[in-house]
Amino acid sequence: MKTIPKLDRTRQAAPQVFGWLREAIISLELAPGTPLSRTELAERFQLSQTPVRDALMQLRQEGLVDIFAQHATLVSRIDLQSAEQAQFLRCSIELEVVRTLAQSGDEALYARLHGMVALQAALAGHSAEEFIAADQAFHRAMYDAAGVPDLYELVRRRSGHLDRLRRLDLPSQGNAERVVGDHRRIVEALASRAPDAAQAALRAHLSGTLSRVADIRQRHPEYVTL
């Protein structure tokens, strides 16, 4: 586990512990099945066990840890049903987001999204973490432009299992380039003010990871539930 950062003592501790652990789980630094000791975490964060317990309870609510009373807390395996439900939610919302943006005629937005795609293309094959951050920024920018930033946070909170699948899928040959191509097609459809084409491009983009679940499971059987 990487070095735990110092906490901001002017802020509540539990949300900071939660945020750090969540990112470590989503990035697979804390792999499925990893035990999480409340005592050890409290020592490493230099906290009492109460904020650590609260953070672990919040992670359980998102399905990212399994807590076995008086026994152990483990990073959960990736649950395909949860990933599929998150995919359904995300697709339902983002289809309306891109339709709204295609109809808006916001040329400044389209130019900004083109720039974000260009940045992501430059990162493909170099820095996985920066590539993923750029991918997230691209989608978040669309939610913000559509006036529904709270829905981005809703989707993010429900997408822990799906995001971990995407992390496992990203190293596949040509996958980063596929993501960039998908994003480029979405922006081109938006700039052409073609909502149906934008929705078709988005649907194809979001279906990619789940269409490769069998391969992901074959490569990482210890991480993914049957």
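Bear in mind that the values in this text are calculations on the coordinates, not laboratory data. Note that the structure is predicted; figures quoted are calculated from it, not measured. Every residue, glycine among them, receives a Cβ derived from its backbone with ideal geometry; neighbour counts consider all protein chains shown.
Under a Cβ-Cβ cut-off of 15 Å, what is the net charge of the residues other than residue 52 that fall near it, where Lys and Arg count +1 and Asp and Glu count -1?
Working: positive: 22, 38, 44, 53, 60; negative: 40, 43, 54.
Computed value for this residue: +2.
Could you work out how far the C-alpha centroid of the stretch 3-27 sits from that of the stretch 157-192, in angstrom?
That distance is 27 Å.
Debye sum, Cα scatterers, the chain, no solvent: what log₁₀ I/I(0) at q = 0.15 1/Å?
-1.04
What Kirkwood hydrodynamic radius, in Å, does the stretch 64-187 give when the mean of 1/r is taken over all pairs of distinct Cα atoms and then inverted?
Working: mean 1/r = 0.0629 Å⁻¹.
Over the stretch 64-187, the inverse of the mean reciprocal pair distance is 15.9 Å.
Excluding residue 100 itself, calculate the net charge of residues whose Cβ lies under 13 Å from the Cβ of residue 100, where each Lys or Arg counts +1 and each Asp or Glu counts -1.
In short, -2.
Could you tell me which helices of the chain pass both thresholds, a Cα extent of 27 Å or more along their own axis and a mean Kyte-Doolittle hydropathy of at least 1.0, with helices taken as whole DSSP H runs? Kindly include the intermediate steps, with their values, before the conclusion.
Values: long enough: 80-104 (35 Å, 0.09).
Length and hydropathy pass: none found.
Per the Cauchy relation, a quarter of the hull surface: what is the mean projected area of the convex hull of the alpha carbons in the stretch 13-75, in nm²? Show your work: numbers first, answer last.
Working: hull surface 14.9 nm².
Projected area, direction-averaged: 3.7 nm².
Please give the net charge around residue 72, taking every other residue with its beta carbon less than 15 angstrom from that of residue 72, where Lys and Arg add +1 and Asp and Glu add -1. If you can, show how the numbers build up before the last one.
Numbers: positive: 38, 53, 60, 77; negative: 40, 66.
Taking every other residue near residue 72 into account, the sum is +2.
For the chain, what is the mean residue ellipticity at 222 nm derived from helices alone (per DSSP H run of n ≥ 4: -39500 (n - 2.57); sum divided by total residues; nearest 500 deg cm²/dmol)?
Working: 12 runs with 155 residues, N = 226.
The helix contribution divided over the chain gives -21500 deg cm²/dmol.
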